[in-house]
1. Full-extension gain between D355 and D220, please, as 0.36 nm times their residue separation minus the C-alpha to C-alpha distance.
2. Mind giving me the FRET efficiency for E117 and N177? R0 is 35 Å, r the Cβ-Cβ distance, nearest 0.05 is fine.
3. Counting other Cβ atoms within 10 Å, keep those with at most 15, restrict to DSSP loop, and tell me which trypsin sites (Lys or Arg not before Pro) in the range 54-103 are left.
4. How about the range 111-212: which GluC sites (Glu not before Pro) there are in a DSSP loop, with at most 11 other Cβ atoms within 10 Å of their Cβ?
5. Using only DSSP helix segments of four residues or longer, with each worth -39500 (n - 2.57), what per-residue ellipticity at 222 nm results for the chain after dividing by its residue count and rounding to 500?
6. Please find the FRET efficiency linking D145 to R2, where r is the Cβ-Cβ separation and R0 is fixed at 56 Å, and quote it to the nearest 0.05.
7. Can you give me the C-alpha center-to-center distance between the range 213-269 and the range 105-150, rounded to a whole angstrom?
8. Going by amide H atoms built from the backbone, whose H comes under 5 Å of the H on G309, apart from near neighbours?
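Nothing in this text is a laboratory measurement; each read-out follows from the coordinates by a stated rule. Bear in mind the structure is a predicted one, so any value in this text is a computation, not a measurement. Cβ atoms come from the backbone with ideal geometry, glycine included; neighbour counts cover every protein chain shown.
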Amino acid sequence: MRARMMLTTADFEDAAREALDPVYYDYVAGGARDEVTLRANREAFGRLNLLPRILRGRDKRDLDRTLFDCPMSMPLLLSPTAFHRLAHPEGELATARAAAAAGVVMIVSMASTVAVEDIAAAARTVTTERPPALWFQLYLQPDPDVTEALVERATAAGCAALVVTVDSPVLGLHERNKRNGFDDLPTGMACENLRNLRGGEPGSVRQIAMSAELSWEHLDRLRHSTRLPVLLKGVLHPEDARLAVEHGVDGLLLSNHGGRQLDTVPATVDLLPEILDAVAGRVPVLLDGGVRRGTDIVKALALGAAAVGIGRPVVWGLAADGEDGVRAVLELLRGELDHTLALCGATGVDDLVRDLVRPGFPGL
Ligand code: FNR
């Protein structure tokens, strides 16, 4: 049989579908309710056109970018995704080594199946030009002491920024998981960052408390309890983006959770211009949701995103081939990004302007 050619992130999804238990594949692939937003994230990129410039490029393009004092080999980062050991026995250890080797930031999920200290140690085993950079994602907990305990833990482990996910007052409902009866981790796997944080079951998924009663005061308390940069993930309304800046956040990660929380919210790339207008250059705005191609990255950057995140493609790489699979996904996106920049006549990622992106012409 001919070996599969792994040319695109979609090839990695196909390989992951074959490698994974269908219940776990559905957990990763799926979205909330009718999955309207899940599809919209992809469709929105497809509707945008690129209008390239000519005779002004350069033989070698600059992809580097520094954000929150973290030098990155390209403005692509690993959005936080839970439970990597469902995809591969090494779980987040493999992901962290791949991210470090590629010189990109990994945002560690609060719900990782390896402890953040061990993830940081794995990243440090990789020798690269840049020190490995990890950021830590957390959900604000109803008990601020629990939030602070998590922050202390992530800070001590060496995480360079905090990403606070605010789109989950309650958990989104994935009917695929309901039908499959998937509501907990298998025996032997746990949310390692939650062990011993409060009594009860150690490291259980159910310890990730969601609360509809959280307010800006919880965020203020966190903001004042840490010196790390704080980004908010999941702000969708421009008015909330404005409020977030007023409350002193250092950045936004514009995200609809990959279509996994409230269904029928807009695609993130469609919202980007409005959010950027609201923020008015005061803090960087990053974006995730549906990024699968170099052209998607260029479109988001040209519209003004400081960097883009990928969620599912990382898990597909991990399921397909562990550390090497994640590395391959990152390198293929780097190749596509560079190739797209060349075809757009851009000298690098700092040479992208809004004028490069046009609405598509669906009527023609
Ligand atoms: C996620 N996402 C997520 N977000 C977060 O803030 N904390 C988390 O623990 C998780 N866990 C998680 C698990 C899985 C399996 C997926 C697919 C997603 C959302 C994630 O950070 C990101 O916003 C989306 O995945 C981006 O969309 P794409 O790239 O998957 O289309």
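1. On the way: separation 135, 0.36 × 135 = 48.60 nm, distance 3.73 nm.
Gain on extension, D355 to D220, equals 44.9 nm.
2. 0.75
3. Passing both the DSSP loop test and the Cβ count: R56, R58, K60.
4. On the way: sites: E117, E129, E148, E152, E175, E192; in loops: E129.
For GluC sites (Glu not before Pro) across the range 111-212 that sit outside H, G, I, E and B with at most 11 neighbouring Cβ atoms in 10 Å, the list reads E129.
5. Working: 12 runs with 143 residues, N = 364.
After summing the helix terms and dividing by the residues of the chain, the value is -12000 deg cm²/dmol.
6. Values: r = 57 Å, r/R0 = 1.02.
Computed FRET efficiency for D145 and R2 comes out at 0.45.
7. Comparing the Cα centres of the range 213-269 and the range 105-150, I get a distance of 19 Å.
8. Hits under the 5 Å cutoff: L77, L287, D288, G289.
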